[in-house]
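Novice: I'd like to ask some things about the structure below.
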Amino acid sequence: MDLQQMLEAVLAAEPYKMILSNPCRKDAQYRRIVINRLETCWQAEKYTEKQVFHENMSEETLKLFLEGAMGQEYRQLNAWDGEREHAVRVSKNGKASYLKKKTAQAPKEKTGHNRKKNYILEEGQMIPPLVDMGIFTSEGKIVRSMYDKYRQINRFVELIDDEIGTLPKDRTLTVIDFGCGKSYLTFILYYYLTQIRKLDVRIIGLDLKADVIEHCNQAAEKYGYDQLHFELGDINGYECPYPVDMVVSLHACDTATDYALYNAVRWNAELIFSVPCCQHELNSQMQGGSLPILTRYGIIKERTAALMTDAIRGNLLTASGYRTQLLEFVDLSHTPKNILIRAVRSNIPEKTRREMLQEVDALKEQFGFRPTLDRLLRGEDA
């Protein structure tokens, strides 16, 4: 991990307190900075020799602040999340290191923050998929070594829970999970929708691997999840026999994500949740044009193309009538950082739709792109 990824890992652990210390310069303005999580923001207490100054920050501002401070102004960051202490250090030669360890003596939380975080998937509930994943014991207790994954799964459910109220409640809802794989999160999603939200839901998981489909259907039968079924098939050209209310696509490779999004749009799905996986299409097409600096270095070209891929997807979904967000999502096993695309069918003004398409067209012209999702939505050969 580089320094930025280390700081992202610390923030993903949802700490309640952080301390910046060990200034890089002897004449540093502040000896140390103590950062506490408050109800609606973060508060930084900046200590000089004789005074302390306070500054409130949003989550995004805090992230930028830490990235600017670590290695430039301070060499050490310690953070506490209630279970572990996280330590990031930057040596004098600029080498960064990250360590986390269980701690019995953590600093007290600021007044009003001693209560336990309320997770949607609470400890003590009997959730069979979490037991089989090794996250819960058979008594419903969290396996401490799996606490990070427990929080990540809850984060996934929270991102869905924010928008689930938009779905109708007077009929059976249909959810399609494209490229379901081993379906750990599909089983969790089914439990959340049926047992916590008490919705009448059928979920269909689709994948290309016959052994995976067989295994998942056996697991669904074992759990008694009668309305969860897995099918062998390709995302491209898949037809569902029911009206589709929600489309989920987690780690559908490269342009498979585009076909999943296209299907969701043409079905007028109310909700779309997609975490893209590898993204090669635009990287192979990308031409520097008047900005050759973005294509000169392989790793820069690859990352730029990946970010542009999701930016284009976001614009195209907005142009298709969806309120679209690109959110940070800490993935269970693939990469230390992922983007989750969350789209909710909405009344998007025509002017906004045109502007979204114009921005996509400008990128296409600049870099020579022909994105699959763009071609599908415009009825061109894909």
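Novice: Return the only residue of Ile213, Ile196 being modelled with pLDDT of 90 or more, surrounded by fewer than 17 Cβ atoms within 10 Å (Cβ to Cβ) and hydrophobic (A, V, I, L, M, F, W, C).
Specialist: Being modelled with pLDDT of 90 or more, surrounded by fewer than 17 Cβ atoms within 10 Å (Cβ to Cβ) and hydrophobic (A, V, I, L, M, F, W, C) holds for just one of Ile213, Ile196, which is Ile196.
Novice: Going through Asp226, Asp234, Asp162, Asp207 one at a time, which residue ends up being surrounded by 14 or more Cβ atoms within 10 Å (Cβ to Cβ) and of a type outside the set (S, T, N, Q)?
Specialist: So the residue among Asp226, Asp234, Asp162, Asp207 that is surrounded by 14 or more Cβ atoms within 10 Å (Cβ to Cβ) and of a type outside the set (S, T, N, Q) is Asp207.
Novice: How many residues, within segment 1-55, are among the β-branched types (Val, Ile, Thr) and farther than 17 Å from Gln76 by Cβ?
Specialist: 3
Novice: Can you report the number of residues in segment 282-304 which are part of a helix (DSSP H, G or I) and either modelled with pLDDT of 90 or more or open to solvent by 20 Å² or more (accessible area, probe 1.4 Å) (or both)?
Specialist: Final tally of qualifying residues: 14.
Novice: How many of the residues making up segment 169-186 are open to solvent by less than 10 Å² (accessible area, probe 1.4 Å) and either of a type in the set (Phe, Trp, Tyr) or out of contact with any strand residue (DSSP E or B) (no Cβ under 8 Å at 6 or more places or on another chain) (or both)?
Specialist: Going through segment 169-186 one residue at a time, the tally reaches 1.
Novice: Now for a different question. In segment 237-254, which residues are modelled with pLDDT of 85 or more, in a loop (DSSP other than H, G, I, E, B) and buried (at least 22 other Cβ atoms within 10 Å of the Cβ)?
Specialist: Asp245
Novice: Can you tell me how many residues within segment 115-134 are in contact with a strand residue (DSSP E or B) (Cβ under 7 Å, 6 or more places away or on another chain) and open to solvent by less than 10 Å² (accessible area, probe 1.4 Å)?
Specialist: Number satisfying all stated conditions: 2.
Novice: Further question on the same structure: Collect the residues in segment 33-58 that are under 18 Å from Trp80 (Cβ atoms) and touching an Asp or Glu at 6+ places or on another chain (Cβ under 9 Å), keeping them in residue-number order.
Specialist: Listed by number, the residues that qualify are Ile33, Val34, Ile35, Asn36, Arg37, Trp42, Gln43, Ala44, Glu45.
Novice: Checking Thr295 against (1) touching a Lys or Arg at 6+ places or on another chain (Cβ under 6 Å); (2) within 21 Å of Leu167 (Cα to Cα), which test does it fail?
Specialist: Going through (1) touching a Lys or Arg at 6+ places or on another chain (Cβ under 6 Å); (2) within 21 Å of Leu167 (Cα to Cα) one by one, Thr295 breaks only (2).
Novice: I would also like to ask the following. Return the residues of segment 160-172 that are within 16 Å of Tyr191 (Cβ to Cβ) and either at pLDDT below 85 or in contact with a Lys or Arg (Cβ under 7 Å, 6 or more places away or on another chain) (or both); say none if nothing qualifies.
Specialist: Within segment 160-172, just Ile164 meets the criteria.
Novice: Further question: If the requirement is being modelled with pLDDT under 90, of a type in the set (Val, Ile, Thr) and farther than 17 Å from Ile203 by Cβ, which of these qualifies: Ile120, Ile153?
Specialist: When all the criteria are applied, what remains is Ile120.
Novice: Hey, another quick one. Looking only at segment 209-236, filter to residues that are in a loop (DSSP other than H, G, I, E, B) and of a type in the set (Gly, Ala, Ser); which one of those is farthest from Leu173 (Cα to Cα)?
Specialist: Filtering first and then ranking leaves Gly233.
Novice: Could you tell me which residue of segment 45-92 is modelled with the lowest pLDDT, considering only residues that are polar (S, T, N, Q) and part of a strand (DSSP E or B)?
Specialist: In this case the residue turns out to be Asn56.
Novice: Do you know which of the residues in segment 336-382 that are within 30 Å of Asp2 (Cα to Cα) and open to solvent by 60 Å² or more (accessible area, probe 1.4 Å) is modelled with the lowest pLDDT?
Specialist: Going through the qualifying residues, I end up with Pro336.
Novice: Further, regarding this structure: Condition first: within 18 Å of the chain's Cα centre (by Cα) and more than 15 Å from Phe367 (Cβ to Cβ). Can you find one or more residues in segment 284-297 that meet it?
Specialist: no
Novice: Give the residues of segment 12-43 that are among the hydrophobic types (A, V, I, L, M, F, W, C), at pLDDT 90 or above and surrounded by 16 or more Cβ atoms within 10 Å (Cβ to Cβ), sorted by residue number.
Specialist: Correct list: Met18, Ile19, Leu20, Ile33, Val34, Ile35.
Novice: Could you please give the count of residues in segment 10-44 that are out of contact with any helix residue (DSSP H, G or I) (no Cβ under 9 Å at 6 or more places or on another chain) and assigned to a helix (DSSP H, G or I)?
Specialist: 0
Novice: Of everything in segment 54-68, what is surrounded by 17 or more Cβ atoms within 10 Å (Cβ to Cβ) and either charged (D, E, K, R) or in contact (Cβ under 8 Å) with a residue 40 or more places away in the chain (or both)? Give them in sequence order.
Specialist: Leu62, Lys63, Leu66, listed by residue number.
Novice: Taking segment 223-240, which residues are out of contact with any strand residue (DSSP E or B) (no Cβ under 9 Å at 6 or more places or on another chain) and in contact (Cβ under 8 Å) with a residue 60 or more places away in the chain?
Specialist: Residue satisfying the conditions is Tyr223 alone.
The values are calculated or read from the model by the stated rules, or taken from the named source; none is laboratory data. The shown structure was predicted, so the numbers you read here are calculated from the model rather than taken from an experiment. Cβ: placed from backbone, ideal geometry, glycine included. Neighbour counts: every protein chain shown. Note: areas computed on protein heavy atoms with side chains; ligands, DNA, RNA excluded. Shrake-Rupley method; radii C 1.70, N 1.55, O 1.52, S 1.80 Å.
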